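What follows draws every value from the coordinates through simple rules; no lab data is involved. A quick note: this is a predicted structure, and the numbers were derived from the prediction, not measured. With ideal geometry, Cβ positions are generated from the backbone for all residues, glycine too; neighbour counts draw on all protein chains shown.
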Amino acid sequence: MAITVMKRYELKYLLTAKQTDFLRERLKGHMEVDQYGRTSIASLYYDTPTYQLIRTSVEKPEFKEKIRLRSYGVATEESPVFLELKRKAYGVVYKRRVQTTIPLVHKFFAGEGDICAPGQINREITAFRDYYKTLVPACLIIYDRTAYFEPGGDLRLTIDEDPRYRLDDLTLTRSMDGISLLDEGWTILEVKVQEAVPMWLCSILSEGMIRKSSFSKYGEAYRQQLLKAQNY
């Protein structure tokens, strides 16, 4: 059954190529790569015409929220995509997710009805749209992800390679090309837990000198674009 509601802590780290290799090796015996292996993911972020959502997010408030449309690989008009409402409050991440199609999403953001069957998730996503009134495609984030899971546990871990972005051609149906967000070889580690990070993983992170970092892919793309505009 697809997960449609999530509540968890998400911890982020920026890793060098050497740290990434170290971590992959040390995870053996503790965690396994999920059934999908290395997967290319594209997330199309919607925002107001004044970029209200990302401007608020980069200020690091106690509460922030965003909405995005996600595909696994290049999408088609008929293939399943996932509309996700993500909120973070006092360090806890809450996510609402529905499966849909691109034509239905276009209609939804045009104000023509609901995104899915009636229910609490539908009401929350629709209320979000109605509150911000005008939400348009703002940034496409793409990366190559390997996801790990702990057999018998709730620990999840992902390593994202070559995170990149586009601010034009904002569609999930074209390509997975984009401008790199990080220097070559760097990756983004995300640790996702319901409660505390297990001691064995804390020990591995400490041994590899892997330190927690505050990093948002959409936020970094927004920052880089601002720098380009200022230097133009």
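If you model segment 33-187 as an ellipsoid using its alpha carbon gyration tensor, with each semi-axis the square root of five times an eigenvalue, the axes come out at 24, 19, 18 Å, biggest first. For Cys202 and Val136, the difference between the fully extended length at 0.36 nm per residue and the C-alpha to C-alpha distance is 19.8 nm.
Among the trypsin sites (Lys or Arg not before Pro) within segment 186-218, those in coil by DSSP and having at most 15 neighbouring Cβ atoms inside 10 Å are Arg211. Its relative contact order, with pairs defined as Cα atoms under 8 Å and 6+ residues apart, puts the chain at 29 percent.
For Ala17 and Arg123, what is the calculated FRET efficiency with R₀ set at 35 Å and r taken between the beta-carbons, to the nearest 0.05? So, using R0 = 35 Å, E works out to roughly 0.20. Which residue, chosen from Tyr72, Phe128, Trp200, occupies the Cα position most advanced towards the positive end of the dipole of the chain, where the dipole is computed from +1 (Lys, Arg) and -1 (Asp, Glu) charges on Cβ about the Cα centre? Looking along the dipole axis, the top candidate is Phe128.
Here is the list for segment 4-77: trypsin sites (Lys or Arg not before Pro) lying in DSSP coil, each with at most 14 other C-beta atoms within 10 angstrom of its C-beta, are Lys28. The calculated FRET efficiency for Leu226 paired with His30, based on their beta-carbon distance and R0 = 35 Å, is about 0.30. Of all stretches in the chain that contain no GluC sites (Glu not before Pro) in a DSSP loop with at most 16 other Cβ atoms within 10 Å, the longest one is 113-183.
For segment 125-140, putting each phi into the Karplus relation 6.51 cos²θ - 1.76 cosθ + 1.60 with θ = phi - 60° gives couplings of 5, 5, 5, 4, 4, 5, 5, 8, 6, 10, 10, 10, x, 10, 7, 10 Hz, in residue order, rounded to whole numbers and with x for Gly and Pro. A simple spin-label model places the labels of Thr50 and Asp154 3.9 nm from each other, with each point 7 Å out along Cα-to-Cβ.
Amide H neighbours of Leu155 under 5 Å, at least 5 residues apart or on other chains, H built in the peptide plane: list them. Under 5 Å from the amide H of Leu155 lie the amide H atoms of Glu150, each far enough along the sequence or on another chain. In this simple spin-label model, placing a label point 7 Å from the Cα along the Cα-to-Cβ direction at both Arg211 and Thr76 gives a separation of 4.8 nm. Here segment 5-231 is assigned +1 on the Cβ of each Lys and Arg and -1 on the Cβ of each Asp and Glu. Its dipole about the Cα centre then comes out at about 580 debye.
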